[in-house]
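Contents: one structure, followed by commentary.
The values are calculated or read from the model by the stated rules, or taken from the named source; none is laboratory data. The structure presented is a predicted model; accordingly, all values stated were derived computationally and were not measured. Positions of Cβ are backbone-derived with ideal geometry, glycine not excepted, and every protein chain shown enters the neighbour counts.
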Ligand code: PMP
């Protein structure tokens, strides 16, 4: 395995790629016997924690009934119906097995629908390892720039994280999503929200529900199935139906496999009424404030921004970042040191600044984290 890992994002992390043997609730256990409070959460999916009973039960039950049918299941239909009842843009959907594939499927639909090739995407936004050809980068949260680019009428799709969570955790500027929506409609461009991170994390209906702006298509992954490899491309029925006419291609041996569908149904049922995500708000805010206070007490400048369920610690910033360029001022070297000090105190946080929270992170775990952060902040001062 080049680099000893199976994903580029796991390479180059100090002190060495860690090796794990078990996970439970908010914790990961490495092969050396260390119990770490986990804020990676599998890069975001484990919204219910590592071992939620309803998901484990559903999956264990399904395993007795088979692993892969190469055909449809009632579970799949039920999961699709529940998904569509929760997500505003979802008239229809297709299940996929990773966010990268769901994004590629969405782009194929947009290109088939418009007969155009060019896709507009934004600095700092990540959409999986999609081919970069015919993709143009703009600055996010700049409506005038987007309107100007779309006015030529040659753009198939605009794809964005509706809140920029891969770099920073930046909310859209007031009016930006609405303006992007209107500009796309005006110029016949398909608007795609990539909700792989925000979906079922910031609200049961994703950022599109939270901000009240409905895209033509949206992609989901991560929290959909609490760690099982499930992704979704969802949206307007006339667009999704292009898969059936053959205008756009989509396939996948493992798509909607019944084990993953059992996990999906159990996860979406747990998240559907919004109470789980709402219950994350108070502990999430407390953790954000606790980290902010810890860094402040050590005299380390930092800005903590985002949502209680996914936030970003911008070390070295003095004001909240509004776009990718502001984030260039983050002190990455020092933040990696901070993560190393946290890890030494048995807290695992993503080196790129994002913190994911789960329903398994109770008050005691948050307190322990804040205590570790206070000591880690002191260790990196000066
Ligand atoms: N889109 C976004 C917004 C993501 O955050 C990610 C993964 N971090 C992807 C797409 C790609 O998803 P996957 O890793 O499942 O291919």
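Does residue 321 satisfy the condition of being out of contact with any strand residue (DSSP E or B) (no Cβ under 8 Å at 6 or more places or on another chain), within 27 Å of residue 200 (Cβ to Cβ) and crowded, with 18+ Cβ neighbours inside 10 Å? Answer is no for this residue.
Select, from 322, 352, the only residue that is part of a loop (DSSP other than H, G, I, E, B) and either within 15 Å of residue 39 (Cα to Cα) or not assigned by the TED database to the domain that holds residue 34 (or both).
That would be 352, the only listed residue that is part of a loop (DSSP other than H, G, I, E, B) and either within 15 Å of residue 39 (Cα to Cα) or not assigned by the TED database to the domain that holds residue 34 (or both).
From the list 225, 169, 218, the lone residue that is under 15 Å from the mean Cα position of the chain (by Cα), surrounded by 22 or more Cβ atoms within 10 Å (Cβ to Cβ), over 20 Å from residue 105 (Cα atoms) and within 16 Å of the ligand (Cβ to nearest atom) is 169. Counting only strands (runs of 3 or more DSSP E) that sit wholly inside the range 7-103, those with at least 1 residues that are in contact with a helix residue (DSSP H, G or I) (Cβ under 9 Å, 6 or more places away or on another chain), surrounded by 13 or more Cβ atoms within 10 Å (Cβ to Cβ) and not assigned by the TED database to the domain that holds residue 198 are 20-24, 27-30, 35-38. Residues of the range 106-128 that are in contact with a helix residue (DSSP H, G or I) (Cβ under 8 Å, 6 or more places away or on another chain) and within 12 Å of the ligand (Cβ to nearest atom): 122, 124, 127, 128. Evaluation of residue 185 against the conditions (1) more than 19 Å from residue 324 (Cβ to Cβ); (2) touching a residue at least 12 places away in the same chain (Cβ under 8 Å) shows that the sole unmet condition is (2). Residue-level analysis places residue 131 outside the set of residues that are within 16 Å of the ligand (Cβ to nearest atom), surrounded by 20 or more Cβ atoms within 10 Å (Cβ to Cβ) and in a loop (DSSP other than H, G, I, E, B).
Taken over the range 182-197, the residue count meeting the criterion of being outside any loop (DSSP other than H, G, I, E, B) and surrounded by 18 or more Cβ atoms within 10 Å (Cβ to Cβ) is 7.
Across the range 142-157, the number of residues qualifying as within 25 Å of residue 320 (Cα to Cα) and crowded, with 20+ Cβ neighbours inside 10 Å comes to 1.
I need the full set of residues from the range 353-367 which are at negative phi and crowded, with 17+ Cβ neighbours inside 10 Å, in order please. Matches in the range 353-367: 354, 355, 356, 357, 358, 359, 360, 361, 365, 366.
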